[in-house]
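The values are calculated or read from the model by the stated rules, or taken from the named source; none is laboratory data. Note that the structure is predicted; figures quoted are calculated from it, not measured. In this analysis, Cβ positions are derived from the backbone assuming ideal geometry, glycine residues included, and neighbour counts consider all displayed protein chains.
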Amino acid sequence: MLLDTIEIIWAGLIVVFLIVEGVTAGLASIWFAAGAVAGLVLALLNVPLGWQITAFIVVSVITLILTRPLAKKYVNKNVQPTNADRVIGQTGIVLEKIDNIAGTGTVKINGKTWTACSISGNAIAVGVLVTAAAISGVTLQVAEKGTDEKSDFGTDTGRCSYAATTNKGDE
């Protein structure tokens, strides 16, 4: 028995969806491959094209709804938080004066020494307690403990602010 054009298209879609699934890191198109199988089965049974497309959509959506929560639970379940994740919100002590203009500053948090910058832009003296607000590259963005300063991490350049220490008249 020779396959009709639509049956070849459904088979081709199955292959394409499975190849895409094979080359991606997460589940990306397996649901559509299942839908294409449903379309192919209906095509082999000589069901009209409209019903084949409907079956493709319905089966794809149902398999997506039923399996996506399970897939998210078991795929990448062994992701370990990094030291960066653990240090945010922790209190540390300034070991070297933090001066954004001079590009100096280190803090110690949880026994680890970090290069640091002040999110307020103000210099922070040695011995002052600070709170880790964010990380930009390998630099810890900190605020003096007890202040309500927020990091601009992720909303702008991801670097500490220089606004508080830059003299606008010198520019």
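Data for the structure
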item: Residue in the stretch 147-168 that is in contact with a Leu (Cβ under 7 Å, 6 or more places away or on another chain) and modelled with pLDDT of 70 or more present; result: no
item: Total residues in the stretch 112-146, condition over 14 Å from ASN100 (Cα atoms), in a strand (DSSP E or B) and among the hydrophobic types (A, V, I, L, M, F, W, C); result: 7
item: Single residue of the stretch 59-86 satisfying the filter (part of a helix (DSSP H, G or I) and polar (S, T, N, Q)) that is modelled with the highest pLDDT; result: SER60
item: Selected residue [part of a helix (DSSP H, G or I) and surrounded by 15 or more Cβ atoms within 10 Å (Cβ to Cβ)] from GLY22, GLY39, GLY50, GLY12; result: GLY39
item: Residue check, GLY105 loosely packed, with under 15 Cβ neighbours inside 10 Å and modelled with pLDDT of 90 or more; result: no
